[in-house]
Amino acid sequence: MLNLILSTMTQDRRLPDPGRNKPFSSGGMVLVTGANGQLGLELRRLLSPQTTLFTDLPELDITSAKAVRVLFEEYPIRACINAAAYTAVDKAETESDLATRINVEGPQYLAEACEAFGALMLHISTDFVFDGKANKPYGTNSPVSPLSVYGQTKAEGESRVLHACSRAIVVRTSWLYSQWGSNFVKTMLRLGAERPALGVVSDQHGSPTWARDLAGALMVFLEQELTGEDFGIYHYANAGTTTWHGLASAVMAGAGLPCVVNPIQTAEYPTPARRPAWSVLDTSRIQERFGLPIPRWEDSLKECLTLLLNSE
Ligand SMILES: NC(=O)c1ccc[n+]([C@@H]2O[C@H](COP(=O)([O-])OP(=O)(O)OC[C@H]3O[C@@H](n4cnc5c(N)ncnc54)[C@H](OP(=O)(O)O)[C@@H]3O)[C@@H](O)[C@H]2O)c1
């Protein structure tokens with residue numbers, strides 16, 4: 001089932017002919033980069049292919065300033081959602097040049113093109129820009145202090161986007177999962193089916209977020225008239241807080257897997273990249289400005305598990 005959906009989606013990879021799309025796009029088109037990633041695939045469900053350019057490698061490499069510019073010259077782009085990213089947190093520790101090109105330079109080129117063509121730049125970032133030393137949810141104005149190369153590149157990317165484009169929105173999210181690609185929820189389902197017991201870190205706190213909910217939330221920025229004070233940084237994550245151990249336990253319970261999940265400390269599970277012990281995001285700005293209800297992480301996890309378990 002999963003393979004079938006993905007192969008259907010790869011047929012959409014070719015960019016539409018600009019001439020053919022212009023009659024449908026008097027309000028302009030939306031450019032989605034990284035459209036084959038977790039968030040990108042959820043955005044495909046919400047945006048019309050007639051008025052959206054869904055791109056990923058190889059059609060559009062965001063690290064090519066020229067390719068980005070040409071696309072903006074060719075299509076009447078009114079908004080860009082940058083869902084493209086280098087997301088291999090541990091690998092980034094040894095691939096910092098590549099991570100920088102994708103997470104810093106690419107977003108800057110997109111933001112510069114948005115500025116030049118009067119488009120909205122909607123960029124996605126991460127809770128990993130914080131060091132996790134706080135004891136209350138991070139506000140959108142909290143100072144960043146990343147612990148990892150991935151976090152550093154994402155923090156620098158945010159800053160470049162906000163400087164390059166006067167109509168830029170940065171949405172930080174956390175602990176993203178979906179039916180697609182690889183993520184913690186899918187790893188737990190696989191390991192839970194293979195093993196009688198697992199040790200999972202219980203001293204890192206955050207909010208698991210279903211990519212489908214994030215994609216839906218991003219629509220408010222396309223649908224509403226934005227004015228000067230609306231631009232800048234927002235946080236979006238599913239409501240409620242847990243640990244990786246709590247999330248793993250909920251996955252096993254939701255999937256009816258008998259695997260026992262034992263709590264372990266971060267020190268017992270060393271990884272190349274350091275991760276924040278506390279990365280809970282304060283989502284009040286997006287809720288208050290747009291009246292956006294945010295589902296609890298347990299409810300969204302249940303929905304996503306239903307989709308995952310029925311697609312096997
Ligand atoms: N995943 C998480 O837990 C998490 C948590 C917090 C925030 N975020 C942020 O949320 C956003 C979406 O994350 P995600 O999980 O949907 O990411 P993802 O699944 O890794 O998707 C990223 C997509 O970008 C593509 N890409 C990589 N380099 C590119 C380039 N040079 N030009 C164009 N496309 C390129 C990737 O292609 P390849 O697969 O071929 O490389 C992939 O299809 C990112 O900004 C990420 O930093 C993610």
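Each value in this text was obtained by applying a stated rule to the coordinates, not by laboratory testing. A quick note: this is a predicted structure, and the numbers were derived from the prediction, not measured. Glycine gets a Cβ as well: all are built from the backbone with ideal geometry, and neighbour counts include every protein chain shown.
Note the angle between two axes, namely the Cα long axis of helix 149-164 and the longest principal axis of the Cα atoms of the chain, as a number of degrees from 0 to 90, rounded to the nearest 10. The angle comes out near 30 degrees. The angle between the Cα long axis of helix 244-255 and the longest principal axis of the Cα atoms of the chain comes to about 90 degrees, rounded to the nearest 10.
Against the chain, whose longest principal axis is taken from its Cα atoms, helix 65-74 shows a tilt of about 60°.
Report, as a whole number in µm² per second, the diffusion coefficient that Stokes-Einstein gives for the chain at 25 °C and 0.890 mPa s using the Kirkwood radius over alpha carbon pairs. Translational D for this selection: 123 µm²/s.
Working note: Debye formula, equal point scatterers on the alpha-carbon atoms of the range 88-131, no solvent; log10 I(q)/I(0) at q = 0.14, 0.20 Å⁻¹ is -0.42, -0.74. Partner lysines whose Cα lies under 28 Å from the Cα of Lys66, excluding those fewer than 8 positions away in the same chain, are identified as Lys22, Lys91, Lys154. A straight line joining the Cα centroids of the range 35-62 and the range 181-202 runs 28 Å. Cross-link reach is defined here as a Cα-Cα straight distance under 16 Å, omitting same-chain residues fewer than 8 places apart; for Lys133 none of the lysines meet it.
Shown here for the range 163-262: GluC sites (Glu not before Pro) in loop regions (DSSP other than H, G, I, E, B) with at most 14 other Cβ atoms within 10 Å, namely Glu225.
What order, most packed first, do the peptides 250-259, 73-82 have when packing is the mean number of other Cβ atoms within 10 Å of each residue? Before the final figure, lay out each step's value.
On the way: 250-259: 17.3, 73-82: 20.9.
Peptide ranking by packing, descending: 73-82, 250-259.
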